[in-house]
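Visitor: Before anything else, here's the structure in question.
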Amino acid sequence: MALRKPPLRDHHDERGATFTEFGGWDMPVEFDSITEEHRSVREDVGIFDVSHMGEIAVRGPDAEELMQRLTTNDVTELGVGDSQYAMITDEDGVVLDDTVVYRLPDADEVESTGTRTPSDDGAEFLFVPNAGHDEEMHRRWTSFRDEWDLDAEVHDLTDDYAMFAVQGPEAADALDDAADDGVVDISKFEARYASVAGVTCWVARTGYTGEDGFELILSSDEAETVWEAIEAQPCGLGSRDTLRIEMGFLLSGQDFDPEENPRDPYEANVGFTVKLDTEFVGRDALEVSKENGVEETLVGLRLIDRGVPRHGYDITDTDDTIIGEVTSGTMSPTLSEPVALGYVPVEYADPGTVVRVVVRGQSKKAKIESTPFLKDKQ
């Protein structure tokens, strides 16, 4: 099957980007170097093309109920312009994907303010599945909508939208130079429509790097105009990965996977996204999990010996008995130290516990550490 391409694929190619397959998409992995792009985000500002992320709009009289019953957080707490991080779980409480849910202005509010959505669909909610999950989640939402006889429209708009992330301590200044609506005044996890380079964008103060930043969702037809208007270091998925690992942020399909590494939110240390006083698919199983406690949990690891931990490497105790597996790992560009994420039994999860990681057949000493690894980002 041919890879899906972001709207600016050819533009990035002309800029000299190298590409990789990710979630069925042909995406830029780096423009200049992962280290340089990583440093730009930590110290200045970078811009990522994350158009591989999905966008699914849900509207109608029962839109809120449908969102509430298919995500673990409480969408009734969202006012217009609010967003929240949530899990999408199956009946057993296993995480299928993680997502950010936005509450959009309804059609009347959009019309009264003179602002129009890029797709003009009047959606009340927009949620963002991970790369390659948009079709699956669209089917899930429509299937349960029909099963529950709810009145809601569900639209997969992934191919209609581009999505950019402007991240770093200078992100607000970079966006402010291109925007004309004072959008940089919005608070963390808030969003609104704004004009950037004359293009209507849904602008949220969210991100995946641990730095201040914004994510912009806009019509794919206007992607180049907005991308070129924001002065920032172009960044690829390589630095996005090193940045998120330093923060201990989960990557769908790698730090959890319903087939290869099924985990519930409590095992993945994102129990804060679960509101058990709401009714959603998987709620009963997660109530049991919370009451009984989990047997394994996601931890951070910092290698003491030389070596770079990678996905799939074994974690052992000091007697070389396998106790877990690395899910994500890298040489931290900020710390110049090897760090990783992985699941271990809860009795090994206390920070400071000495374990080992098997790197290319050699046992390397490591310590359990709380995340984020960059403590000043907590």
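The values are calculated or read from the model by the stated rules, or taken from the named source; none is laboratory data. On a predicted model such as this, the values are computed, not experimentally measured, just so you know. A quick note on method: Cβ atoms are made from the backbone with ideal geometry, for glycine too, and the neighbour counts reach across all protein chains shown. We work out accessible area using only protein heavy atoms, side chains counted, and drop any ligands, DNA or RNA first. Shrake-Rupley method; radii C 1.70, N 1.55, O 1.52, S 1.80 Å.
Visitor: Looking only at residues in the range 72-84 that are not in a loop (DSSP other than H, G, I, E, B) and not hydroxyl-bearing (S, T, Y), which one is least open to solvent (accessible area, probe 1.4 Å)?
Guide: V75
Visitor: List the number of the failed condition for E170; all other conditions in (1) open to solvent by less than 10 Å² (accessible area, probe 1.4 Å); (2) modelled with pLDDT of 95 or more; (3) within 23 Å of R192 (Cα to Cα); (4) not polar (S, T, N, Q) hold.
Guide: (1)
Visitor: Would you check which residues across the range 18-39 are open to solvent by 40 Å² or more (accessible area, probe 1.4 Å) and touching a His at 6+ places or on another chain (Cβ under 9 Å) and list them?
Guide: Those that are open to solvent by 40 Å² or more (accessible area, probe 1.4 Å) and touching a His at 6+ places or on another chain (Cβ under 9 Å): F19, F22.
Visitor: Of the residues that make up the range 274-287, is at least one polar (S, T, N, Q) and within 28 Å of R140 (Cβ to Cβ)?
Guide: Within the range 274-287 (the criterion being polar (S, T, N, Q) and within 28 Å of R140 (Cβ to Cβ)), the answer is yes, since at least one residue qualifies.
Visitor: Kindly provide the set of residues from the range 18-39 that are within 19 Å of the chain's Cα centre (by Cα), among the acidic types (D, E) and not in a strand (DSSP E or B), ordered by number.
Guide: E37
Visitor: For the list (1) of a type in the set (D, E); (2) touching a residue at least 40 places away in the same chain (Cβ under 8 Å); (3) closer than 26 Å to H38 by Cβ, I need the number of the one condition that E153 fails.
Guide: Result: E153 fails condition (3) only.
Visitor: Only one of R42, R69 is in contact (Cβ under 8 Å) with a residue 12 or more places away in the chain, open to solvent by 10 Å² or more (accessible area, probe 1.4 Å), under 24 Å from F164 (Cβ atoms) and assigned to a helix (DSSP H, G or I). Can you tell me which?
Guide: R42
Visitor: When you scan the range 202-213, do you find a residue that is part of a strand (DSSP E or B), modelled with pLDDT of 95 or more and over 28 Å from L250 (Cβ atoms), even just one?
Guide: no
Visitor: Every residue in the range 173-184 that is assigned to a helix (DSSP H, G or I) and either open to solvent by 20 Å² or more (accessible area, probe 1.4 Å) or among the acidic types (D, E) (or both), please.
Guide: Selection gives D173, D176, D177, V184.
Visitor: Please go through the range 4-17 and give me each residue that is open to solvent by 70 Å² or more (accessible area, probe 1.4 Å) and more than 21 Å from the chain's Cα centre (by Cα), ordered by number.
Guide: Within the range 4-17, D10, D13, E14, R15 meet the criteria.
Yes or no, residue by residue, for (1) in contact with a strand residue (DSSP E or B) (Cβ under 7 Å, 6 or more places away or on another chain); (2) acidic (D, E); (3) touching a residue at least 40 places away in the same chain (Cβ under 8 Å):
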| site | (1), (2), (3) |
| --- | --- |
| V308 | yes, no, yes |
| D314 | yes, yes, yes |
| D319 | no, yes, no |
| I323 | yes, no, no |
| S332 | yes, no, yes |
| P338 | yes, no, no |
| L341 | yes, no, yes |
| P345 | yes, no, yes |
| V355 | yes, no, yes |
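Visitor: Name the residues in the range 21-37 that are in contact with a Leu (Cβ under 9 Å, 6 or more places away or on another chain) and without any contact (Cβ under 8 Å) to a residue 40 or more places away in the chain, would you?
Guide: The answer is E21, D26.
Visitor: Step by step: first the residues of the range 194-207, then only those that are surrounded by fewer than 21 Cβ atoms within 10 Å (Cβ to Cβ) and touching a residue at least 60 places away in the same chain (Cβ under 8 Å), then the one that is nearest to P7 (Cα to Cα). Which residue is that?
Guide: In this case the residue turns out to be T200.
Visitor: Among the residues of the range 238-257, is there at least one that is touching a helix residue (DSSP H, G or I) at 6+ places or on another chain (Cβ under 6 Å), open to solvent by 20 Å² or more (accessible area, probe 1.4 Å) and not polar (S, T, N, Q)?
Guide: no
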